[in-house]
Amino acid sequence: MARPSLTAEQIYDACLQILDEAGLPGLNARALTARLSCSSKTLYQLVGTRDAMERGIVAHAFAGMDLEFRPRTRWQESTKDWARTLHAALRERPYLGALMTLEDRDVTVAYIVRLIDVLVAHGFRRRFAIEVAGNVGHWTISTTLLDLRAPGQWDQPERFEATLDWLVRGIDQVADGTT
């Protein structure tokens, strides 16, 4: 019986399994080809270079993340929940911080657009909602990735919460004249 064709998604799934089990040091061509019972040539044909594969892993991981947040009655709580949800999802897969580059910005855009839509529904002008969501997204991702790269230094949950609260209070002060 012929073996079913391997897909890029199956390769990315296997990469994520290896990363979950062994971290970045465990992700190599030998481990991947052994897990998938394929050749390195097949991997290269389906996902390209190591860099292309890493971009695909990040995109695949984001696509599979549970980034569900429920908009709240107040935009402040919606914004905080949005940031907490993204923060928690990135912390569940700490190796993503080492894999992500500026080229992976697009994988977060869809999630940022959801915050923009919530802010607009709360009465923010679209341009201001884009600015707020972009800045909150940038802060959340940057902070989380830096915390993951230097564990134990700044990654206390209370520090994340305090800074998030300051950020939202600052936006609230500016929003009074902008919504």
Could you say which residue among L67, L90, L16, L86 is part of a helix (DSSP H, G or I), under 20 Å from T108 (Cα atoms) and either of a type in the set (S, T, N, Q) or touching a Phe, Trp or Tyr at 6+ places or on another chain (Cβ under 8 Å) (or both)?
-> L86
Go through the stretch 93-113 and count every residue that is assigned to a helix (DSSP H, G or I) and either among the polar types (S, T, N, Q) or surrounded by 18 or more Cβ atoms within 10 Å (Cβ to Cβ) (or both).
-> 8
Check off (1) assigned to a helix (DSSP H, G or I); (2) surrounded by 14 or more Cβ atoms within 10 Å (Cβ to Cβ); (3) more than 21 Å from the chain's Cα centre (by Cα); (4) not acidic (D, E) for L6 and give me the number that stays unchecked.
-> (1)
Would a scan of the stretch 116-136 turn up a residue that is surrounded by 16 or more Cβ atoms within 10 Å (Cβ to Cβ), within 15 Å of the chain's Cα centre (by Cα) and at pLDDT below 90?
-> no
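The values are calculated or read from the model by the stated rules, or taken from the named source; none is laboratory data. Small disclaimer: the values here were computed from a predicted structure and weren't measured. Note that each Cβ is placed from the backbone with ideal geometry, even for glycine, and that neighbours are counted across all protein chains shown.
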